[in-house]
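In what follows, a single structure is set out as structure tokens and then discussed.
The values are calculated or read from the model by the stated rules, or taken from the named source; none is laboratory data. Owing to the predicted nature of the structure, the values given are computational and were not obtained by experimental measurement. Counting neighbours? That spans all protein chains shown, and the Cβs are built from the backbone with ideal geometry, glycine included.
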Amino acid sequence: MLDILAAPFVACLILTGIHCYLGIHVVTRGVIFVDLALAQIAAFGAAFGTLCGYEPHTLATYAFALGFTFVGAAVFALGRFRDRRVPQEAIIGTVYAVSSALAILVLSKLPIGKEEIEHMLVGRLLFVDWSEVVKTCAIYAAVASVHIALRRQFFAISASAEDARASGIRVRLLDFIFYMTFGIVVTSSVQMAGVLLVFSYLVVPAVCAMMFFRSIGRRLLAGWGFGVLASAGGLLASAAWDLPTGASVVAAFGVFFIGCAVMYAITGSLRQTRAETDDRDRPVSEAPS
């Protein structure tokens, strides 16, 4: 069993590493569903490539998925309006809905439509091999090098696009680079793990870490730890109870998120009670004569 789960577990570690970092950006920017939207665009691109006569899960369909994702990255970069009259999340949601519908329409014309829809949602994590792990790791390393080089600009934009623009940062160009590299990650991740699992890796570890920590470094370390624990729990549950691997890991993330939310609520109540107690016990200063 360990031999079967070794490659999927390493793949989960790689997914945790890159997606937790990107998730901190996404949650800070308030564009939670950008991952789902880009994932659906990638799935639509791959489905369209299959409709054009190419075999699924090949370099040709990957190129289709990547090309469609770059178009989505351009749309999201241009969709950040200065006056905020139209929230960027509204544009992301629209793109997600339309690309999902188009992917289903294309897949309905293929003899493997139902199977591909299932793979699109929950992936094929259990069947990941070492060659795919190495290829994905190389792609993520290239993306990571770009983000390391531009980390200050990316974090400045995530914190406040207006302040970043005032300081001379070219927000629209860097937004395009951010979403383009994000799209490269998502395109590779969706083929391996599916839309739902990729979204879980992006959002849940980052949100759980942000509940308890403020600094970027601590959030990253905590998020990576949360992702590893949820991945291990989901894979072990899948093997022990003969459950679908991708769905099991997503469910493990859900359990982990609920646990962190309950703990955060309890610690928050304790902090509030302690603060109220300190206020009551603090001596009242004598009024000046």
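Miscellaneous remarks
- Qualifying residue in the range 16-39 (condition: more than 27 Å from Ala159 (Cα to Cα) and assigned to a helix (DSSP H, G or I)): no
- For the condition at pLDDT 90 or above, closer than 19 Å to Val31 by Cα and out of contact with any Pro (no Cβ under 6 Å at 6 or more places or on another chain), Leu150 does not qualify.
- For Ala103, the requirement of being at pLDDT 75 or above, surrounded by fewer than 13 Cβ atoms within 10 Å (Cβ to Cβ) and under 22 Å from the mean Cα position of the chain (by Cα) is not met.
- Identity of the residue in the range 20-36, buried (at least 24 other Cβ atoms within 10 Å of the Cβ) and at pLDDT below 85, that ends up farthest from the chain's Cα centre (by Cα): Val34
- Residue within the range 187-194 that is aliphatic (A, V, I, L, M) and surrounded by fewer than 22 Cβ atoms within 10 Å (Cβ to Cβ) present: no
- Restricting the range 156-186 to residues that are within 12 Å of the chain's Cα centre (by Cα) and among the β-branched types (Val, Ile, Thr), the residue that is surrounded by the fewest Cβ atoms within 10 Å (Cβ to Cβ) is Val185.
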